[in-house]
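**Q** The structure's right below; bear with me while I get my questions together.
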Amino acid sequence: MNPFKRLIPTLIILLFVVIIGTIGYHVIEGWSFLDSLYMVIITLFTVGFQEVHSLSQLGKLFTILIIVAGVGAAVYAGTQLVEIIIEGEILGYGRRRKMDKKIKGLRNHYIICGYGRTGHQVGAEFETARVSYVVVDQKQEIEEELGLKGIPYIVGDITSDDNLIEAGIESARGLIAAADSDVANLYVTLSARVLNPNLYIVARASEIEAEKKLMMAGANRVIAPYYISGKRMAALATRPVTSDFLDVVMHGESLEFSLNEIAVPDNSLLINKTISEAEIRHKSGALVLAIRRADGSFDLQPDSSSAIEKGDIFVVIGTQEQVVQLEKMLH
């Protein structure tokens, strides 16, 4: 809220006193409106100037009423203004306006609902991948943490439709429901699916039983951290080299190459050609590891004779330049 809105009630009282005081002096003392207004102003702000003209007995009583009603309001307004400046509310309001403008300018971004341990990790991965995102969380601490980094945020209830709309859900690409509570994630998923039917939603589930409910609510994917952790630990114990390799490829920030997914546009000139005919490896340098077909099935061992079809999504490995080159070829 604009910090100066706190002053509105007091300023209305002051304006009312000025109007009544000006009319009162004009009627009681017969002064001009300018003299009457001048008398009210010097009285309210206690500047110590002498009266414009000598006051009658009734005029003196009226002046006392002006002092009692108006001086207190003027002093209170001044105190409020000083508090706003000292507490930095003006700077905070300006920063919030700048943040709101930044959020409104986002397109195809992600929204992280819940900024606990899971939300922090998602945000870190997004930053590494240079993905735009907005954080919604009710903890006031995120204002200082994310504000310093320039990351868009909204402090408030993650289940509120108003907060989701303010976060740009209608133009967002995806949403991460990462709250510690399954109930909160369920509400977020339901609201998000209604507000944007095309949104890609990934939800966190503390209990395996909540997975089915979240899927019914509209989540595209549900992650159960404890279940995933168990599988991960077993894989590290039984297949340590393979697990380390996947970690390096997926999360190795110092590597030149990484895993990526690229969707084949509907109007791509490579549709109906084979991987060999398209010369993907030769022209881009990227290697196609798998292809997800439009019906959701996977071609896990694509070879040179595998056809490129409408709606395909390639899982490729390569450098950033190679991936960009492949995207250009597909488009």
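The values are calculated or read from the model by the stated rules, or taken from the named source; none is laboratory data. All values derive from a computational prediction rather than experimental measurement. Cβ sites come from the backbone with ideal geometry, for glycine too, and all protein chains shown count toward neighbours.
**Q** What pairs come up if the first residue lies in segment 248-274 and is on the phi > 0 side of the Ramachandran plot, the second is modelled with pLDDT of 90 or more and not in a strand (DSSP E or B), and their beta carbons are under 8 Å apart, counting only those six or more places apart or on different chains?
**A** Short answer, once both residue conditions are applied: 272/308; 272/309.
**Q** Let me ask another. Among the residues of segment 45-65, are any of a type in the set (A, V, I, L, M, F, W, C), over 15 Å from residue 20 (Cβ atoms) and touching a Phe, Trp or Tyr at 6+ places or on another chain (Cβ under 8 Å)?
**A** yes
**Q** Condition check: of a type outside the set (Phe, Trp, Tyr), at pLDDT below 90 and either over 31 Å from the mean Cα position of the chain (by Cα) or outside the structural domain of residue 122 (by TED's automatic domain parsing) (or both). Does residue 260 satisfy that?
**A** Judged against the criteria, residue 260 is a match.
**Q** Out of segment 278-311, which residues are of a type in the set (D, E, K, R) and more than 14 Å from residue 326 (Cα to Cα)? So that I can check it myself, show each step before the final result.
**A** Going residue by residue through segment 278-311, those that are of a type in the set (D, E, K, R) are 279, 281, 283, 292-293, 295, 299, 303, 309-310.
Correct list: 292, 293, 295, 299, 303, 309, 310.
**Q** Determine which single condition residue 277 fails, assuming it passes every other condition in (1) of a type outside the set (A, V, I, L, M, F, W, C); (2) within 34 Å of the chain's Cα centre (by Cα); (3) at negative phi; (4) surrounded by 13 or more Cβ atoms within 10 Å (Cβ to Cβ).
**A** Every listed condition holds for residue 277 apart from (2).
**Q** Right, here's the next one. Just to be sure before I move on: is residue 179 over 30 Å from residue 5 (Cβ atoms), at pLDDT 90 or above and aliphatic (A, V, I, L, M) in the structure I sent? Walk me through how you get there before you give the answer.
**A** Numbers: over 30 Å from residue 5 (Cβ atoms): yes; at pLDDT 90 or above: yes; aliphatic (A, V, I, L, M): yes.
Considered against the rule, which asks whether it is over 30 Å from residue 5 (Cβ atoms), at pLDDT 90 or above and aliphatic (A, V, I, L, M), residue 179 comes out as yes.
**Q** Restricting attention to segment 299-317, does a residue exist that is over 25 Å from residue 221 (Cα atoms), outside any loop (DSSP other than H, G, I, E, B) and at pLDDT 90 or above?
**A** yes
**Q** So, one more: Quick check on my filter: what residues within segment 105-119 are under 13 Å from residue 179 (Cβ atoms) and surrounded by 13 or more Cβ atoms within 10 Å (Cβ to Cβ)?
**A** Quick first cut of segment 105-119, residues under 13 Å from residue 179 (Cβ atoms) only: 111-119.
Within segment 105-119, 111, 112, 113, 114, 115, 116, 118, 119 meet the criteria.
**Q** Those residues that are out of contact with any strand residue (DSSP E or B) (no Cβ under 6 Å at 6 or more places or on another chain) and either of a type outside the set (S, T, N, Q) or surrounded by 13 or more Cβ atoms within 10 Å (Cβ to Cβ) (or both), I need them from segment 307-325; list them, please. Walk me through it before giving the result.
**A** Pass one, segment 307-325, residues out of contact with any strand residue (DSSP E or B) (no Cβ under 6 Å at 6 or more places or on another chain): 308-311, 320-322, 324-325.
Scanning segment 307-325 gives 308, 309, 310, 311, 321, 322, 324, 325.
**Q** Mind checking which residues of segment 8-62 are within 48 Å of the chain's Cα centre (by Cα) and either on the phi > 0 side of the Ramachandran plot or part of a loop (DSSP other than H, G, I, E, B) (or both)?
**A** Residues satisfying the conditions are 45, 46.
**Q** Can you pull out every residue in segment 46-57 that is at pLDDT 75 or above and surrounded by fewer than 12 Cβ atoms within 10 Å (Cβ to Cβ)? If you could, list the steps in order and put the result at the bottom.
**A** Taking segment 46-57 as the starting set, the residues that turn out to be at pLDDT 75 or above are 51-57.
Once the filter is applied, which keeps residues that are at pLDDT 75 or above and surrounded by fewer than 12 Cβ atoms within 10 Å (Cβ to Cβ), segment 46-57 yields 54, 57.
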